[in-house]
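The block underneath contains the structure these notes are about, expressed in structure tokens.
The values are calculated or read from the model by the stated rules, or taken from the named source; none is laboratory data. These figures come from a predicted structure and were not determined experimentally. Here the Cβ positions follow ideal geometry from the backbone for every residue, glycine too, while neighbour counts run over all protein chains shown.
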Amino acid sequence: MKKKVIIDTNFLLIPAQFKIDIFSEIKRIMQHPYELFILDKTIMELNKIIEEQKGKDKVAAKLALQLIEGKVNLIKTDAGLVDDLIVELADENTFVCTQDMVLKQRLKAKKIAIICMRQQQYLCLV
């Protein structure tokens, strides 16, 4: 059975900010067959960053939208905050890619596997 890898918005900014290829890094650490997912709200958050931010965050969000093109599946969601929806959707067959400390704590409490960045150089499973 394929595992679900849900990528949080802040994680999609890593390639531009830290020059890490998150897709090859995820492939390197995943021991199981998997599929990549993002929430529809993540696209909305990236577009909001592009509209409202300047400089490197705007560039990072634009790059993120280009990188996910054709590589990730979209999960349609109802109203709610992205973090709440991710916690709700995650189960024992889910890995969540995030840098958000509060979200990590909520996922750990639910015993969900987390992929995060280490030393601003590579990704690891926690």
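Points worth noting:
- Taken together, the residues in region 22-61 that are within 11 Å of residue 12 (Cβ to Cβ) and of a type outside the set (A, V, I, L, M, F, W, C) amount to 2.
- Yes/no for residue 77 being closer than 23 Å to residue 24 by Cα, of a type in the set (Ser, Thr, Tyr), buried (at least 16 other Cβ atoms within 10 Å of the Cβ) and touching a strand residue (DSSP E or B) at 6+ places or on another chain (Cβ under 9 Å): no
- Annotation: residue 70 fulfils all but one of (1) free of Cβ contacts under 8 Å to residues at least 12 places away in the same chain; (2) under 23 Å from residue 112 (Cα atoms); (3) part of a loop (DSSP other than H, G, I, E, B); (4) not basic (Lys, Arg); the unmet one is (2).
- Residue within region 100-123 that is of a type in the set (Phe, Trp, Tyr), touching a helix residue (DSSP H, G or I) at 6+ places or on another chain (Cβ under 7 Å) and not in a helix (DSSP H, G or I) present: yes
- Residue 86 vs. criteria in a strand (DSSP E or B) and either in contact (Cβ under 8 Å) with a residue 24 or more places away in the chain or loosely packed, with under 15 Cβ neighbours inside 10 Å (or both): no
- Any pair with Cβ under 7 angstrom, 6 or more apart, that starts in region 17-32 at a residue that is exposed (fewer than 12 other Cβ atoms within 10 Å of the Cβ) and ends at one that is modelled with pLDDT of 95 or more and not in a helix (DSSP H, G or I): 32/3
- Residue match in region 42-63 (condition: closer than 21 Å to residue 104 by Cα and loosely packed, with under 12 Cβ neighbours inside 10 Å): no
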